[in-house]
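Below is one structure, written out as structure tokens; the observations come after it.
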Amino acid sequence: MRIALLGAPGSGKGTQAKLLADRYRVPKISTGNLLRDAIAANKQLHKSVKEDMDAGRLVADAVVLKLLEDRLRKKDTKRGFIIDGYPRSIPQAQALDALLGLLGKTLQVAVNISVEDDVLVKRITGRIGCESCGEIYNKYFSTPEVRNKCDVCGGKLVSKSDDTEKTVSMRISVYHENTAPLITYYRAQHKLRNMPAKGNISEIHEKISDIVDIEIRPLEIKTLETAAESIDEEESTIIAGGKINRIAPAATRGSEEDSVVPETTNSPPDTSLNSKQKKKDKPAEANTKVVSKKTTAKKATAKKVTAKKVTAKKVTAKKATAKKAITKKATAKKAITKKSKIQ
């Protein structure tokens, strides 16, 4: 899911972005936080950017876009993200579309949270946050149980340096001049969803979650199912025991291929019906091995039979030679006897 939350300063974008990020387990990307972190880490960036932020002016597009690009390239944005506080102008929206297109992470929905200006002033000037865990409260609408103490972790509650009434008025003026036209921009792309900030935080959160669950999640689930079917139809390869085994497509896989070749043991043969069934269910590979062994045994037997036949022939030949020799001796003896009688 890839969502941008739009709205004037103090409309509750940050609170709703955090709730959505926790609910759907995707990162919340706040350009305000990215800028504050950059200011803390870069002294050169500190002066110019801090002056713009303190005065309620928009920070240079190139600076914000570079920080945003670095954040969107991180692995945790693969499943999606919630962008809070960006874009704030049409040129920024166009630059964001180009960046997301390059990264293959195009925006799916832009939710605009609309609030009246007088309410916005109280929301911003009364806003206080925990230094430790980041929990947000409001002096007018959502006070902590103990003054200046976080209900969650007990940390100290402080106001932002740029949440003064003068700064708020400037920011609201800039919003109407530069950011409000984004409503028309995203409506033209059929991505805009307008959300009047009526009700408490939980009620607004449920309304935005309904948009996600009805419009975005079904599309993502369908996409995943289509991808799974595509993989299932193709031949897959798995590596097991150091060997590569080919697995046929699901349509051609049968119960025989799912059976496992049992290990050879010294236990007596099982003559039960289950044993016979197991023999039938042996995979083709096991049957091939059995046939191979039988063929080898037959060849060995054939060689032995051939050897025996050759030996028998030799014995017969020897007997025949001996018989001829005896016959010759008998013939010679008869001839001698006959000659003696004549003399």
statement: Residues of region 23-54 being modelled with pLDDT under 90 and among the hydroxyl-bearing types (Ser, Thr, Tyr), in sequence order, are 31, 48
task: Only residues that are touching a His at 6+ places or on another chain (Cβ under 7 Å) and surrounded by fewer than 23 Cβ atoms within 10 Å (Cβ to Cβ): list them for region 6-39, please.
output: 19, 39
message: If a residue must be among the basic types (Lys, Arg) and either exposed (fewer than 15 other Cβ atoms within 10 Å of the Cβ) or farther than 30 Å from residue 138 by Cβ (or both), how many such residues does region 83-124 contain?
response: 1
query: Do we have any residue at all in region 166-185 that's touching a residue at least 60 places away in the same chain (Cβ under 8 Å), part of a loop (DSSP other than H, G, I, E, B), in contact with a strand residue (DSSP E or B) (Cβ under 7 Å, 6 or more places away or on another chain) and assigned by TED's automatic domain parsing to the domain that holds residue 91?
result: no
task: Find the residue count for region 215-224, including only residues that are at pLDDT 55 or above and more than 18 Å from residue 4 (Cβ to Cβ).
output: 2
field: Hey, residue 153 outside any helix (DSSP H, G or I), in contact with a strand residue (DSSP E or B) (Cβ under 8 Å, 6 or more places away or on another chain) and not assigned by TED's automatic domain parsing to the domain that holds residue 23 or not
entry: yes
- line: Note: among 79, 71, 57, just one is at negative phi, at pLDDT 85 or above and in a loop (DSSP other than H, G, I, E, B), namely 79
task: Name the residue, out of 157, 107, that is under 26 Å from residue 214 (Cβ atoms) and either among the small types (Gly, Ala, Ser) or modelled with pLDDT of 85 or more (or both).
output: 107
message: Just checking, does region 111-125 include any residue being farther than 21 Å from residue 167 by Cα and not polar (S, T, N, Q)?
response: yes
message: Tell me yes or no: at least one residue of region 169-182 is of a type in the set (Asp, Glu) and surrounded by 12 or more Cβ atoms within 10 Å (Cβ to Cβ).
response: no
query: What do you reckon, is residue 131 exposed (fewer than 13 other Cβ atoms within 10 Å of the Cβ), in contact with a Gly (Cβ under 6 Å, 6 or more places away or on another chain), at pLDDT 85 or above and not basic (Lys, Arg)?
result: yes
- line: For residue 153, the lone unmet condition from (1) farther than 20 Å from residue 200 by Cβ; (2) surrounded by 17 or more Cβ atoms within 10 Å (Cβ to Cβ); (3) within 38 Å of the chain's Cα centre (by Cα) is (2)
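The values are calculated or read from the model by the stated rules, or taken from the named source; none is laboratory data. What you see is a predicted model; the values in this text were computed from it and never measured. Cβ atoms come from the backbone with ideal geometry, glycine included; neighbour counts cover every protein chain shown.
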